[in-house]
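Everything below concerns the one structure shown next.
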Amino acid sequence: MGLIERCNELFKTASLYEVLGTTKEATEAEIKRRYYKVSLKVHPDRAPDDPLATEKFQVLSKVYAVLSDAEQKAVYEEQGIVDEESDSLSQDRCWEEYWRVLFPKITLQDIREFERKYKGTDEERQDVLQLYVQFEGNMNAIMESALCSTQEDEPRICSIIQEAIEKEEVTAFSAFTNESGKKKRTRRKRAEKEREEAEQMQKEMGLDDEDDSLTKMIKLRHSSREKNFNNFLSDLEAKYAPKGKSKKGKK
């Protein structure tokens, strides 16, 4: 089965641009940024319970490989086909390594700077509303997927959604408008527990709030067999990784 057919099966669209959540008018930098954000959602470490996660991640990486190559992109736009025999789409290619080469290491300074610039922007608003529609108002899923968000951000996230509902920009899903107080309290308790576990892990690993980077944590992920540890690192990457810098050479 070809790439376009796999996109339709896994992402419910035959458009490579729609798979990334963008359009053919997008710049090279915008396409790369969308690939980064969407790939984090389907990364095997990020979605360990999804049996199709690895395949989704591979297909998504192939989509980016096509759209980031000028010649392949032109052929796709003109003829609506993909050269399945090209070297860039080789079945033997390590897409995890390809992904790591494209994006820089994450430092705590990067995290803080990205969060400072991202929160309160129109980009954040659009991302939140996209998640709201995608998850049909399920706040558990929205808060788990929203970038740079903690339990303290929930009232602000809810206000963004409520405002959009009142302006009739989005549908008023019952899961959001009629969410029970019990479900909200359960989500708050779970978030508090996860925060405490993260702080404890940080202490055990000897990471300093101001100076240490996440490199040590990423390396430990590859040697650790504990599922919770993998999920924790993936969540950090998904929520706080900086956007858009490219890197030459392999990590």
Hey, any hits in the range 10-26 for a residue that's among the polar types (S, T, N, Q), open to solvent by 20 Å² or more (accessible area, probe 1.4 Å) and outside any loop (DSSP other than H, G, I, E, B)?
no
State whether one or more residues within the range 31-51 are at pLDDT 90 or above, more than 18 Å from the chain's Cα centre (by Cα) and at negative phi.
no
Residue 169 - would you say it is at pLDDT 85 or above, charged (D, E, K, R) and farther than 21 Å from residue 42 by Cβ?
yes
I'd like to check something: does the range 149-167 contain any residue that is small (Gly, Ala, Ser), out of contact with any Cys (no Cβ under 7 Å at 6 or more places or on another chain), at positive phi and open to solvent by less than 70 Å² (accessible area, probe 1.4 Å)?
no
Single match in 137, 120 (criterion: out of contact with any Cys (no Cβ under 9 Å at 6 or more places or on another chain), small (Gly, Ala, Ser), open to solvent by 40 Å² or more (accessible area, probe 1.4 Å) and modelled with pLDDT of 90 or more)
120
Flag for residue 225 being modelled with pLDDT under 55 and either in contact with a Phe, Trp or Tyr (Cβ under 7 Å, 6 or more places away or on another chain) or surrounded by fewer than 17 Cβ atoms within 10 Å (Cβ to Cβ) (or both)
yes
Could we say that residue 76 is modelled with pLDDT under 85, of a type in the set (Ser, Thr, Tyr) and surrounded by 16 or more Cβ atoms within 10 Å (Cβ to Cβ) here?
no
Go over the candidates 115, 163, 124 one by one and state the one that is in contact (Cβ under 8 Å) with a residue 40 or more places away in the chain and not in a loop (DSSP other than H, G, I, E, B).
115
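The values are calculated or read from the model by the stated rules, or taken from the named source; none is laboratory data. No experiment lies behind these values; they were computed from the predicted model shown. Neighbour counts are summed over all protein chains in view; Cβ atoms, including those assigned to glycine, are modelled from backbone coordinates with ideal geometry. Keep in mind that these areas ignore ligands, DNA and RNA; they rest on the heavy atoms of the full protein, side chains included. Shrake-Rupley method; radii C 1.70, N 1.55, O 1.52, S 1.80 Å.
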